[in-house]
Amino acid sequence: MDWPGGSWQNVATLAGTLAGAYVLVLWISVLVWTYRDIRDRSRDAAFQVVAVLLVLVFNLLGWLIYLILRPSETLSEAYARSLEEEALLQELEEQGICPSCKRYVTGEFIICPFCRTQLKEPCGKCGRPLSFNWAACPYCTTTRGVVAAPSASSGQASAQERVGGVLEEEGEEALKGSKGRRAASAETSSTSSGQASPMNRG
């Protein structure tokens with residue numbers, strides 16, 4: 001029997017060489033894939049070295065062990081998940097929490113609908129809710145009014161008004177008292193004159 005490569009020993013050698021080359025290429029491919037995969041899943045240099053050595057020493061068996069022990073998500077997937085969580089937390093923060101009852105409220109609320117705690121101050125011009133630390137309204141550009149402390153002149157004027165009011169009340173009371181005394185004296189005189197007229201007749 002004639003073999004294509006000559007004798008069967010040559011054919012077996014060629015087949016073994018091809019099989020070895022295939023296994024070597026497969027081994028290197030798995031090794032490179034493991035290195036790239038672990039680099040995408042972890043920044044720990046020691047863990048990367050252990051993963052590569054595991055596949056380097058045990059070949060396909062080490063690769064199967066690596067598939068079981070590797071992190072469940074890549075760094076990009078973990079970063080995307082963290083962004084989603086941050087977006088969710090930011091949305092919750094934008095909704096806000098009432099400092100009194102700790103319930104979620106929206107940014108448009110002026111008072112808490114649950115405990116009636118004042119959360120923001122309405123703009124004097126457009127009525128939009130403003131934070132207490134804002135110096136101006138960002139919607140209508142109106143500067144927030146600052147309540148001025150009462151001056152000395154206004155205090156004196158108010159004191160004078162109070163004194164004037166007291167004097168007016170005292171004058172009215174005195175006038176009423178004098179009118180009452182006059183009425184009482186008139187009644188007394190009329191009574192005395194009435195008593196004197198019968199005596200004269202007698």
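Of Glu73, Glu108, which residue is in a loop (DSSP other than H, G, I, E, B) and either exposed (fewer than 11 other Cβ atoms within 10 Å of the Cβ) or of a type in the set (A, V, I, L, M) (or both)? Reasoning before the result, please.
Working: Glu73 fails: either exposed (fewer than 11 other Cβ atoms within 10 Å of the Cβ) or of a type in the set (A, V, I, L, M) (or both).
Being in a loop (DSSP other than H, G, I, E, B) and either exposed (fewer than 11 other Cβ atoms within 10 Å of the Cβ) or of a type in the set (A, V, I, L, M) (or both) holds for just one of Glu73, Glu108, which is Glu108.
Here is a list: Gln95, Gln90. Which entry is in contact with a Ser or Thr (Cβ under 8 Å, 6 or more places away or on another chain) and at pLDDT below 85?
Exactly one of Gln95, Gln90 is in contact with a Ser or Thr (Cβ under 8 Å, 6 or more places away or on another chain) and at pLDDT below 85, namely Gln95.
Taking Val11, is it surrounded by 13 or more Cβ atoms within 10 Å (Cβ to Cβ), assigned to a helix (DSSP H, G or I) and either basic (Lys, Arg) or modelled with pLDDT under 90 (or both)? Before the answer, list the steps.
Working: surrounded by 13 or more Cβ atoms within 10 Å (Cβ to Cβ): yes; assigned to a helix (DSSP H, G or I): yes; either basic (Lys, Arg) or modelled with pLDDT under 90 (or both): yes.
The answer is yes for Val11.
Looking at Val23, Val57, Val50, which is the one that is part of a helix (DSSP H, G or I), out of contact with any strand residue (DSSP E or B) (no Cβ under 8 Å at 6 or more places or on another chain) and under 30 Å from Tyr79 (Cα atoms)?
Working: Val23 fails: under 30 Å from Tyr79 (Cα atoms); Val57 fails: under 30 Å from Tyr79 (Cα atoms).
The conditions single out Val50.
Without any contact (Cβ under 8 Å) to a residue 24 or more places away in the chain and touching a Lys or Arg at 6+ places or on another chain (Cβ under 7 Å): which single residue out of Gln48, Gln9 fits that description?
Criteria check complete, one pass: Gln48.
The values are calculated or read from the model by the stated rules, or taken from the named source; none is laboratory data. Everything numeric here is computed off the predicted structure, so don't read it as measured data. Glycine gets a Cβ as well: all are built from the backbone with ideal geometry, and neighbour counts include every protein chain shown.
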